[in-house]
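Peer 1: Next up is a structure, given as structure tokens.
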Amino acid sequence: MNYIKLLNAAFEKFYFDDRLNPTHISLYMALFQEWNSSRFADEFYVNRRDLMRCAKIGSKSTYHRCVTDLDSWLYLCYFPSNNPYKGSKIKMSIIGTSDEPDMGRYNPTLEQLAEQYHPIREPVVGQHHPINGQALDPHRPTSGQALVSTINNTKQENNIKHPKGWQAVIDFFLKKGFNADEGKKFFEHYETRNWQTSDGKAIRDWRAVAKNWMDRTELFDEENKVNKKQASQIKDNLRTTKNKDYGQPL
């Protein structure tokens, strides 16, 4: 398995996928390292705590959300384990570049044969500059020519910058386990801002912004629970007054 080709193909796909956020990429890289450690096994078991520590993820809900997103977006296959003594199973997808179709399982023999294949005197349509009687292949670099990818490096146009009304936002929040009021707050907040970020830049993907909103909401709720617990511990549970009149008879 070619480590560099797989990693380059993954980063190329990250570039054009606006659904991803840094946490998705961090978790994928942690899983990729586990895959590499297992010598690119077809399937391997993982430990959630180790992955969260490697990917710098502090919340279990964030971890499960990201790994399920990567599964639904075909970056991997996630097989959760209900046994606390047995880790979940992961099957990584072999990502192909835009020039090279994904042929499924890697076959080193086929790759060696492909590298040794050099067609001779094969006519190329549209090419009118033969060299020594042979047609010049436009996809093969000549001597001294750098191999440059023909991939268009411009970002693809994102068709989900703005939601199609408030109902689409509420449905998305309900799907992620949040209530409709939270979705309404999100829609009204960014609708008044004309769907721009705090620094005035246009939002590229409202779903990614909504997921960040959900993460901040969960973090805020957790902090509130801690603060309320601390406040209850220092509360005067006996409800005694501190301004006492010791001159009154008992």
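Peer 1: Out of the residues in region 68-94 that are under 16 Å from the mean Cα position of the chain (by Cα) and small (G, A, S), which is most open to solvent (accessible area, probe 1.4 Å)?
Peer 2: So the residue we want is S72.
Peer 1: Could you check region 59-92 and list, in sequence order, the residues that are touching a Lys or Arg at 6+ places or on another chain (Cβ under 7 Å) and under 15 Å from S26 (Cα atoms)?
Peer 2: Y63, L76
Peer 1: Same structure, new question: When region 1-35 is examined, which residues are found to be over 24 Å from A210 (Cα atoms) and either part of a loop (DSSP other than H, G, I, E, B) or open to solvent by less than 50 Å² (accessible area, probe 1.4 Å) (or both)?
Peer 2: Residues satisfying the conditions are M1, N2, L6, L7, A9, A10, E12, A30, L31, F32, W35.
Peer 1: Can I ask one more? Any residue in region 59-67 that is surrounded by fewer than 17 Cβ atoms within 10 Å (Cβ to Cβ) and either more than 28 Å from L219 (Cβ to Cβ) or aliphatic (A, V, I, L, M) (or both)?
Peer 2: No: region 59-67 contains no residue that is surrounded by fewer than 17 Cβ atoms within 10 Å (Cβ to Cβ) and either more than 28 Å from L219 (Cβ to Cβ) or aliphatic (A, V, I, L, M) (or both).
Peer 1: Restricting attention to region 164-179, and to residues there that are without any contact (Cβ under 8 Å) to a residue 12 or more places away in the chain and either farther than 23 Å from T62 by Cα or of a type in the set (F, W, Y) (or both), which single residue is most open to solvent (accessible area, probe 1.4 Å)?
Peer 2: Once the filter is applied, the top-ranked residue is K164.
Peer 1: I've got another one for you. Looking only at region 180-220, count how many residues are open to solvent by 70 Å² or more (accessible area, probe 1.4 Å) and either assigned to a helix (DSSP H, G or I) or basic (K, R) (or both).
Peer 2: So the answer is 13.
The values are calculated or read from the model by the stated rules, or taken from the named source; none is laboratory data. This is a predicted model, so every value here is computed, not measured. Cβ atoms come from the backbone with ideal geometry, glycine included; neighbour counts cover every protein chain shown. The accessibility values were calculated without ligands, DNA or RNA, using every heavy atom of the protein model including side chains. Shrake-Rupley method; radii C 1.70, N 1.55, O 1.52, S 1.80 Å.
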